[in-house]
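Colleague: Here it is, the structure, as structure tokens.
The values are calculated or read from the model by the stated rules, or taken from the named source; none is laboratory data. Note that the structure is a prediction, hence the values are computed from the model and not measured. Reconstructed Cβ throughout: ideal geometry from the backbone, glycine too, with neighbour counts over all protein chains shown.
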Amino acid sequence: MKIAVVGVTGMVGQVMLQVLEERNLNVLTLIPVASEKSVGTEITFKGKQVKVVSMKQAIEMRPDIALFSAGGSVSLEFAPQFASVGTTVIDNSSAFRMDADKKLVVPEINASALTKNDKIIANPNCSTIQMVLALAPLHKKYRIKRLIVSTYQSITGTGVKAVQQLENEYNGEKGEMAYPYQIHKNAIPHCDVFEENGYTKEELKLIRETQKILDDRTIAVTATAVRIPVVGGHSESVNLEFEKEYNENDIREILADTDGVTVQDNVDVNLYPMPLMAHGKDDVFVGRIRRDHSRENALNMWIVSDNLRKGAATNAVQIADYLIQNNLVG
Ligand code: 2RA
């Protein structure tokens, strides 16, 4: 299998390499792709040095799969070019997520909808992936009527410049600013850019992508996305209102039985999910599960996951693995 990683020098691209090695996909040829300034440099994959190539060279090599994480404009320009030579693109940008003819996939939820004809597949936004993985089985049994989510998002979601600003602030050093404010003693209610309606793109992704993945646009969703100075992963406070009466133990059992979800929930021993514990792991961790007594059939819970892994690289590699295992590529 020839697999290209487009944006290989970025934070998510680097994690994609790590996850490809960990999951031991039968990658016979890795094609690392980056911007012109990195062409010719080398990356290490499975103990071997591999030369970074240009987009043009990668397309000519006709990979079976191309994992993209290089920003929406690069995806819009080059994903169709890869698809035109038969490559199946799994794109981590927002470029194609809301296209009616593109699938937005969390493998545990909707990979079964994939076919050989899907040549550009959208990887959902990190804060969406971790949330819908926990919500999907609950929606199936109790039907979610309303969802309110507040996020506490890792600095790594903004990119390497923000991580550097955080480190500089801790070290008392000056440097390039990703934010016009201090990060390390702060909570910034501003993830991505503001739209006309007063919501950020991040908040609108949480709303729209959730409805698409759960295939139910009647779910009333609202979101507030906040950036906080942690690096291990995104945390989310989620309030759900179901159509049907639910049983709390049943909720816990359903979550515990869901592939990719780990329930960490015992406040008697201070057991609850935290980014520091989720960092470097692929699971979505759920805790603080408790009835919301202010409304009928309502529930609160706390969801944490490593945004660079299940929130991006791992989910994309799992889609690739699904395609390979089901003979949908190559
Ligand atoms: C963020 N979800 O965390 C976005 C993109 N990674 O900023």
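Colleague: Taking the residues in segment 173-214 that are in a loop (DSSP other than H, G, I, E, B) and β-branched (V, I, T) as candidates, determine which candidate is farthest from the ligand (Cβ to nearest atom).
Modeller: I183
Colleague: Checking N247 against (1) farther than 20 Å from I148 by Cβ; (2) in contact (Cβ under 8 Å) with a residue 24 or more places away in the chain: exactly one of these is not met. Which one?
Modeller: (2)
Here's the yes/no breakdown for (1) in contact with a Ser or Thr (Cβ under 8 Å, 6 or more places away or on another chain); (2) exposed (fewer than 12 other Cβ atoms within 10 Å of the Cβ):
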position	(1), (2)
I219	yes, no
T222	no, no
V231	yes, no
H234	yes, no
K244	no, yes
N247	no, yes
D250	no, no
T262	no, no
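Colleague: Which of the residues spanning segment 282-296 are crowded, with 17+ Cβ neighbours inside 10 Å and in a loop (DSSP other than H, G, I, E, B)?
Modeller: The answer is D282, D283.
Colleague: Looking at segment 315-327, I want the residues that are in the same structural domain as L133 (by TED's automatic domain parsing) and have a partner that is assigned to a helix (DSSP H, G or I) and at pLDDT below 95 with Cβ atoms under 7 Å, at least 6 apart or on another chain. Which pairs are those?
Modeller: Close Cβ pairs (under 7 Å, with a partner that is assigned to a helix (DSSP H, G or I) and at pLDDT below 95) do not exist here.
Colleague: Run down Q57, Q14 and say which single residue is modelled with pLDDT of 95 or more, of a type in the set (S, T, N, Q) and under 25 Å from T156 (Cα atoms).
Modeller: Q14
Colleague: State yes or no: is T258 away from the ligand (no atom under 16 Å from the Cβ) and either surrounded by 19 or more Cβ atoms within 10 Å (Cβ to Cβ) or among the acidic types (D, E) (or both)?
Modeller: yes
Colleague: If I ask for residues that are charged (D, E, K, R) and within 13 Å of the ligand (Cβ to nearest atom), which ones from segment 216-235 would you list?
Modeller: R227
Colleague: Filter segment 267-294 down to residues that are more than 20 Å from L135 (Cα to Cα) and more than 20 Å from the chain's Cα centre (by Cα), then give me how many there are.
Modeller: 6
Colleague: Out of the residues in segment 131-173 meeting the condition of being touching a residue at least 40 places away in the same chain (Cβ under 8 Å) and in contact with a Gly (Cβ under 6 Å, 6 or more places away or on another chain), tell me which one is nearest to N327 (Cα to Cα).
Modeller: Looking at residues that are touching a residue at least 40 places away in the same chain (Cβ under 8 Å) and in contact with a Gly (Cβ under 6 Å, 6 or more places away or on another chain), I get L133.
Colleague: Take I254 and decide whether it is farther than 27 Å from P107 by Cβ and touching a residue at least 24 places away in the same chain (Cβ under 8 Å).
Modeller: Against the criterion (farther than 27 Å from P107 by Cβ and touching a residue at least 24 places away in the same chain (Cβ under 8 Å)), I254 does not qualify.
Colleague: Of all residues in segment 140-172, count the ones that are surrounded by fewer than 16 Cβ atoms within 10 Å (Cβ to Cβ), within 22 Å of the chain's Cα centre (by Cα) and part of a loop (DSSP other than H, G, I, E, B).
Modeller: Count: 1.
Colleague: If you take the residues of segment 113-163 that are of a type in the set (K, R) and either out of contact with any strand residue (DSSP E or B) (no Cβ under 9 Å at 6 or more places or on another chain) or not assigned by TED's automatic domain parsing to the domain that holds E296 (or both), which of them is farthest from G311 (Cα to Cα)?
Modeller: Looking at residues that are of a type in the set (K, R) and either out of contact with any strand residue (DSSP E or B) (no Cβ under 9 Å at 6 or more places or on another chain) or not assigned by TED's automatic domain parsing to the domain that holds E296 (or both), I get K116.
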